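Quick notes on the structure that follows.
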Amino acid sequence: MSRCCAAVLLWALAACAAPHRDDDAERLVVLHFNDLHGQVRPRAVTLRPGVTQPMGGIAGVFGYLDRERRATPARTAVWVTDGGDWFQGTPEGNEDRGWSYMAVRNRMRLRAAVVGNHEYDFGEDNLVRLIGRAEHPVLGANIRVAGGGIAPYVVPFTVESVGGIRVAIVGLITANTKNVSTGPFGRAEFVDEIDTLRRLWPELRRVADEVVLLTHCGLTKDVQLARAFPELCLILGGHSHTALLEGHREGRTWIVQSSGKSTAVSRVVLDVDRRSRRLVVRSAGLRRIPVAEADPDTARFLAATFAGIGPVWDVPLGRVEGVPDRRARGAPGSTPAGNYVAEVIRRHAGAEVGLTNKGGLRSILALGPITRRQVFELLPFDNSVALFEMTGVQLSAVLAHGLERGRQPLEVAGADYSFRVVDGVRQLVAVRVAGAPVEPNRRYRVATNSFLARGGDGFHVFAELTHREVSPDTLCAIVLTDLRERAVIRLTDEPRIRLVE
């Protein structure tokens, strides 16, 4: 074990050995956010169809946290928690692989944070380095070392005391981490969330009166956890970027999650019932963060910390023209940004068909001047372009896989496809390449990003086929080159993914 890992392990053991105490409290306020993804600056949020407004930013979140703490009545404890995916996705977060961003996070005075899947995007060693800088417990009960116990750089849970009630906060990351992130993961394995909690449950009941989960698993899994463990008081979620405006309740268990990207904070108010030694949720909701509420001291700190970012990342390189890119990345049909990126992939590889996953498109493309920052925030991952030769049958299988429950249809260029919904299940109806029906036995040149090519997002059909990397350039770099050559990104809302009755 490295010296860094050993130091983190000793700190971690101390973190869950003795409770942190707010023993005079009669009420607890939990302020929870998730999936910040390094979003230092405000970003455009769609408040209703056709209406967007700049919201949030880290200085805005700081301002809100500070006001909540100062306005808290006597004998009320305030906890701040983070549901994972800390830094990946912006120049500020990625420039030094999250190192500077950890200084920003430490100013938040977090009670606890859970590891998110994108914390591994620069490798396990980098994550250990970041955790070594954290001034709060970092949780991950289901992060195991291959062939051994829990990973030495996280703790499974931490115990807090509020009003004399012992509260165990347990951290869980999605067991699907290796399918939705690039790694390298080192020796880390990610085991089933429910099985992990079931193994921990006897110990949790010995050391705590209440159990709260801090998860990066997504709302669907959080609901499953609440149903499997009805004694749970609260689940502070992440990963699916779900805006739970008034929380979600499963029996006794309340689930909260914010939309992410520093635009909102979930606020939960709980009463401390000393007689029953339980916490009782009184209210749960989402508080959007207006730009006007930014904390000036934090704004100055951010400006000093990231002073070198603007001159490199915020110089206009060209323009975005065409139709507005307003549709969410999870939309079931084609999106303007998806159409564009799939076409860039197709053209760069000299392919007949270009494909990309919606989850790899992390923002929208606003009409008007465009900077290197905006391209990077759309495509922040280090994915290159891969080229396949596949039959029409295999191409159809890939597209059908994206229609399965819990998945998102692949964005496409050079082709289009249609689907129908039968008893809640999406079924592929037809595929056309260059306007002609796909031929089952004909071989097509199909290009996609390297994440999908390796079988990411569960697309194992790709992983079973031979492919070649077109070039070592990242998809972001390829788009930047395309932009410099053409000076214009032209967006189209051509419906390449169609729902038919």
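Remarks
- Hits in the stretch 205-247 - residues which are within 21 Å of residue 165 (Cα to Cα), part of a loop (DSSP other than H, G, I, E, B) and among the acidic types (Asp, Glu): 209, 231
- Residue 319 being more than 23 Å from residue 458 (Cβ to Cβ), assigned to a strand (DSSP E or B) and either modelled with pLDDT of 95 or more or in contact with a helix residue (DSSP H, G or I) (Cβ under 7 Å, 6 or more places away or on another chain) (or both): yes
- The stretch 136-181, residues that are without any contact (Cβ under 8 Å) to a residue 12 or more places away in the chain and in contact with a strand residue (DSSP E or B) (Cβ under 8 Å, 6 or more places away or on another chain): 150
- Taking helices (runs of 4 or more DSSP H) as the structural unit, those lying wholly within the stretch 81-151 and holding at least 3 residues that are in contact with an Asp or Glu (Cβ under 8 Å, 6 or more places away or on another chain) correspond to 99-106.
- Number of the exception - residue 472 against (1) farther than 30 Å from residue 368 by Cβ; (2) without any contact (Cβ under 8 Å) to a residue 60 or more places away in the chain; (3) not basic (Lys, Arg): (2)
- Considering the stretch 1-67, the qualifying strands (runs of 3 or more DSSP E), each wholly inside and each with 1 or more residues that are closer than 30 Å to residue 279 by Cα and at pLDDT 75 or above, run over 20-22, 27-33.
- Residue ID - nearest to the chain's Cα centre (by Cα), chosen from residues in the stretch 252-268 that are among the charged types (D, E, K, R) and more than 21 Å from residue 380 (Cβ to Cβ): 267
- Filter result for residue 203 (without any contact (Cβ under 8 Å) to a residue 60 or more places away in the chain, of a type in the set (D, E, K, R), crowded, with 18+ Cβ neighbours inside 10 Å and assigned by TED's automatic domain parsing to the domain that holds residue 253): no
- Here residue 269 does not fit the description of being crowded, with 18+ Cβ neighbours inside 10 Å, touching a residue at least 12 places away in the same chain (Cβ under 8 Å), assigned by TED's automatic domain parsing to the domain that holds residue 55 and not in a loop (DSSP other than H, G, I, E, B).
- Any hit, the stretch 17-32, residues being within 20 Å of residue 380 (Cβ to Cβ), under 18 Å from the mean Cα position of the chain (by Cα) and crowded, with 21+ Cβ neighbours inside 10 Å: no
- Selection from the stretch 249-266 of residues that are within 23 Å of residue 25 (Cα to Cα) and not in a loop (DSSP other than H, G, I, E, B): 253, 254, 255, 256, 265, 266
The values are calculated or read from the model by the stated rules, or taken from the named source; none is laboratory data. Note that the structure is a prediction, hence the values are computed from the model and not measured. Using ideal geometry, Cβ is built from the backbone for each residue, glycine included, and neighbour counts are taken over all protein chains shown.
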